[in-house]
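Participant: Submitted below is the structure of interest, expressed as structure tokens.
The values are calculated or read from the model by the stated rules, or taken from the named source; none is laboratory data. Note that the coordinates shown come from a computational prediction; the quantities given were computed from them, not determined experimentally. Every residue, glycine among them, receives a Cβ derived from its backbone with ideal geometry; neighbour counts consider all protein chains shown. With ligands, DNA and RNA removed, areas are computed over all heavy atoms of the protein, side chains included. Shrake-Rupley method; radii C 1.70, N 1.55, O 1.52, S 1.80 Å.
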Amino acid sequence: MTTKCRKCSTPAIIYQPYSGLHLCKKHFFEDVERKAKLTMRQRYPVKKNDVIAVAFSGGKDSSVALLLMHKIFGDRPDIRIVAITIDEGIDGYRNFSIERTREMTAQLGIEHIVKSFKDEYGKSMDELVTEKKMVENRYSDDKKEVGPCSYCGVLRKKILNKTARDIGATKLIIGHNLDDEAQTIMLNHFRGDVERMVRFSAANELDGFIVRVKPLRKIPEKEVALYAYLNDLPMELTACPHSFGALRKEVRRLLNGFEVNHPGTKYSLVRGFDTMVPLISEALNVSDMKNCQICGEPCNDDVCQACKMLEKKAVE
Ligand code: SF4
Ligand code: ZN
């Protein structure tokens with residue numbers, strides 16, 4: 001016997017253990033779109049004449065984020081939507097997805113900007129991974145080596161922010177889903193690095209820093225994947241050759257296990273974190289951001305993470 005949708009009598013295509021609902025395709029789409037709209041409205045409502053930049057890698061999450069922005073705001077003549085793709089320079093991986101991003105933005109008629117690590121930093125990710133990248137070690141005077149994903153992420157974020165600012169964007173959409181958010185919160189707890197995450201979560205229209213908005217942060221990864229599949233969106237199947245992130249994989253396994261036994265765990269983690277952010281950010285005085293002495297980008301130190309990782313020196 002087919003299970004019926006809780007909201008109509010059509011056969012259900014998904015069961016949400018955390019809500020107890022069976023939903024048909026139409027009501028599943030409505031649920032995803034409602035959650036994305038609500039998340040945006042609660043924290044960073046879209047205003048008249050907003051310029052919405054979307055970080056668009058071509059994976060399922062950013063493709064869904066871009067499609068949702070198009071569906072929700074595409075008909076508003078006062079709102080400009082611009083997709084920004086960063087080409088890290090990873091042969092056999094990113095070059096394929098860049099093609100797909102071009103196809104999708106052309107189909108939707110969305111402005112599209114592609115920026116590369118090579119143009120911005122003089123080196124591609126394939127070249128950067130051959131060099132050791134060191135950061136400060138808070139437990140000793142020695143420096144410690146960081147994995148490729150750590151600096152890839154830092155360098156990508158910097159170009160995204162700069163490009164979004166250059167086009168006059170008022171919001172930068174990031175396709176992180178509920179699983180990404182819950183994993184990052186746990187990871188930062190494990191690393192004792194809650195401060196950095198709180199700083200950036202709370203950063204609100206600071207000089208030079210474009211507000212990062214995550215419309216999918218209340219939508220589980222499985223549902224983002226299903227939404228992408230049902231809308232025929234690009235799904236990244238090739239793995240990045242530099243990815244390792246062993247700790248994140250462990251945290252992901254751990255949280256997925258908890259979610260099976262205790263549905264709603266990921267939502268609780270994100271909700272708890274959101275409650276803590278205003279309290280911690282007040283204590284930290286988050287508005288106290290500086291500008292990097294080397295590149296001028298906003299950061300919370302004298303030199304930003306990207307410049308530290310690229311070992312750039314200040315001009316004497
Ligand atoms: Fe960069 Fe890591 Fe993503 Fe590869 S998996 S693109 S190295 S962040
Ligand atoms: Zn810098």
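Participant: Calculate the spin-label point distance for Asn291 paired with Lys71, positioning each point 7 Å from the Cα along the beta-carbon direction, and give it in nanometres.
Facilitator: 4.1 nm
Participant: PRE reach from Thr10 (point 7 Å along Cα→Cβ): which of region 56-90 fall under 19 Å by backbone N?
Facilitator: Within reach of a label on Thr10: 68, 71-72.
Participant: Tell me the label-point distance for the pair Val260, Arg191, using the 7 Å Cα-to-Cβ offset, in nm and rounded to one decimal.
Facilitator: Computed distance between label sites Val260 and Arg191 equals 2.8 nm.
Participant: Would you mind computing Rg(Cα) / (2.2 N^0.38 Å) for region 27-83, counting N as its residues? Don't skip to the end; give the middle numbers.
Facilitator: On the way: Rg = 11.3 Å, N = 57, 2.2 N^0.38 = 10.2 Å.
That ratio works out to 1.11.
Participant: In the Gaussian network model of the chain, springs joining C-alpha atoms below 10 Å, which of Leu255, Leu284, Leu155 carries the largest mean-square fluctuation?
Facilitator: In this elastic network of the chain, the residue with the biggest mean-square fluctuation among Leu255, Leu284, Leu155 is Leu284.
Participant: Still on this structure, I have one more. If you build a Gaussian network model of the chain, linking Cα atoms that sit under 10 Å apart, which residue out of Ser19, Ser150, Ser63 swings the most?
Facilitator: Of the options given, Ser19 has the highest mean-square fluctuation.
Participant: Continuing with the same structure: When each pair of different Cα atoms in the chain is counted once in the 1/r mean, what is the Kirkwood radius in angstroms, to one decimal? All intermediate terms of the calculation are to be shown ahead of the outcome.
Facilitator: Details: mean 1/r = 0.0479 Å⁻¹.
Hydrodynamic radius (Kirkwood, Cα pairs) of the chain is 20.9 Å.
Participant: Also: Go through Lys123, Lys222, Lys60 and list them by solvent-accessible area, largest first, probe radius 1.4 Å.
Facilitator: Values: Lys123 75, Lys222 175, Lys60 35 Å².
Result of the area sort, largest leading: Lys222, Lys123, Lys60.
Participant: For Arg102 paired with Arg253, estimate the spin-label separation in nm (one decimal), with each label point 7 Å from Cα along the Cα-to-Cβ line.
Facilitator: Inter-label distance under the simple model: 4.0 nm.
Participant: Taking the Cβ-Cβ separation of Gln42 and Leu21 as r and a Förster radius of 25 Å, what is the calculated FRET efficiency to the nearest 0.05?
Facilitator: Once the sixth-power term is evaluated, E becomes 0.75.
Participant: Over region 43-309, what percent of the accessible surface lies on carbon and sulfur atoms, probe 1.4 Å? Could the numbers behind the result be given before it?
Facilitator: Details: 6620 of 13190 Å².
Carbon and sulfur together cover 50 percent of it.
Participant: Using 29 Å as the Cα-Cα cut-off, could you pick out the over-long pairs in Lys222/Lys290; Lys47/Lys115; Lys123/Lys162; Lys7/Lys249? Don't jump to the answer; show the numbers that get you there.
Facilitator: Values: Lys222/Lys290 38 Å; Lys47/Lys115 27 Å; Lys123/Lys162 18 Å; Lys7/Lys249 36 Å.
Long pairs (Cα-Cα over 29 Å): Lys222/Lys290; Lys7/Lys249.
Participant: Let me spell out the model: positive unit charges on the Cβ of Lys and Arg, negative unit charges on the Cβ of Asp and Glu, origin at the Cα centre of the chain. What dipole size does that give, in debye rounded to 20?
Facilitator: Values: 51 positive and 44 negative charges, 225 e Å.
For this selection, approximately 1080 debye.
Participant: Which value at 222 nm does the chain reach when only helices count, each DSSP H run of 4 or more adding -39,500 (n - 2.57), with the total divided by all residues and rounded to the nearest 500 deg cm²/dmol? All intermediate terms of the calculation are to be shown ahead of the outcome.
Facilitator: Details: 12 runs with 149 residues, N = 316.
One gets -15000 deg cm²/dmol as the mean residue ellipticity at 222 nm.
Participant: Considering only protein heavy atoms, what is the solvent-accessible area of Glu111 at a probe of 1.4 Å, reported in Å² to the nearest 10?
Facilitator: Result for Glu111: roughly 80 Å² accessible.
Participant: Kindly report the accessible area of region 1-109 per residue (heavy atoms of protein chains, probe 1.4 Å, no ligands, DNA or RNA), in Å². Numbers along the way, then the final one.
Facilitator: Numbers: 5470 Å² over 109 residues.
Value for region 1-109: 50 Å² per residue.
Participant: Related question: Using a 10 angstrom cutoff on alpha carbons, build the Gaussian network for the chain and name the most mobile of Ser116, Ser243, Ser201.
Facilitator: For the chain, modelled as a Gaussian network with Cα springs under 10 Å, the answer is Ser243.
Participant: Further question: Counting only DSSP beta bridges with both residues in the chain, tell me the antiparallel percent, nearest 5. Show your work: numbers first, answer last.
Facilitator: On the way: 9 of 25 bridges.
Here the share of antiparallel DSSP bridges comes out near 35 percent.
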